[in-house]
Each structure stands twice: as structure tokens, then as C-alpha cells.
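Heads up: the structure comes next, in C-alpha cells.
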Amino acid sequence: QVQLVESGGGLVQAGVSLRLSCAASGRNFSSYAMGWFRQPSGKEREFVSAITWNGVGTTYTAPVKGRFTVSRDNAKNTVYLQMNSLKPEDTAVYYCAASELPISTSFRGYKYWGQGTQVTVSS
């Protein structure tokens, strides 16, 4: 069992940066691939980024490539999402999730989910 808690969201202006954190508790955090998803209001949840258990492999959805960076610190049981050059279309609730797969871009590949943190980007 893994419990995930996101933090770091907020209301910001376009162009600035935010760093989301996802703190995990429970067993064997370092054995899970971790992912970030987001859900804009009224829309479906969508994949943002993922990272392998050791941090070597990462993947991103096209709209955030070059602006977002995922990383993890297994000693701190935490995964991060650094978001730069934020745009109004990045506005969403952001969720982190843990997967037993090597890495996954599908929400079906994730077993544990956090409660989400709201990111709102004004123009």
C-alpha cells in the first residue's frame, strides 16, 4: 500500500514556474514508477509525465515537453514536477500516481493515486 500526497499547486500568472511535489508513504516507494496526470475542469484526466523507479527513464506528453521536468528522490520518497513557462491551458488538478509497471502513460497502469492539487494559470 502506498499513500500519495501532492502539494505545490496554486494560482499563478502565465510564464512563471511552479514545482509540484508528491510525498509517498508506505512500503517500497523506490520500486514504483511514478506518473503525473492532470484533469482540467469538465475534461478527462490526461497523462502529463512519468518516471521509472530509478529516475533514468522519463516520458512526457507533447504539450509539456521542454517546459516540464519530472524527477524523484527515493531517499525522500518524493517525486517532483517542475513546471516552467506555464500557460493558461496548463490549468488543471494535478495528480501523482504509482505504477507497478516499468513506466506507463495510461491511467490504467497506475495502482495508487493522490488526491490532487489545483494549478490555475491566469493570462
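Report whether or not Q3 is more than 27 Å from S122 (Cβ to Cβ) and out of contact with any His (no Cβ under 7 Å at 6 or more places or on another chain). Judged against the criteria, Q3 is a match.
Among the residues of this structure, G109 counts as one that is open to solvent by less than 30 Å² (accessible area, probe 1.4 Å), farther than 24 Å from G10 by Cβ and not aliphatic (A, V, I, L, M). Scanning segment 76-99 for residues that are charged (D, E, K, R) and not in a helix (DSSP H, G or I) yields K76, K87.
One residue stands out in segment 25-68 among those that are of a type in the set (S, T, Y) and open to solvent by 30 Å² or more (accessible area, probe 1.4 Å): the one that is nearest to W113 (Cα to Cα), namely S25.
The values are calculated or read from the model by the stated rules, or taken from the named source; none is laboratory data. Small disclaimer: the values here were computed from a predicted structure and weren't measured. Note: ideal-geometry Cβ built from the backbone for every residue, glycine included; neighbour counts use all protein chains shown. Side chains are part of the model used for accessible areas, which takes the heavy atoms of the whole protein and leaves out ligands, DNA and RNA. Shrake-Rupley method; radii C 1.70, N 1.55, O 1.52, S 1.80 Å.
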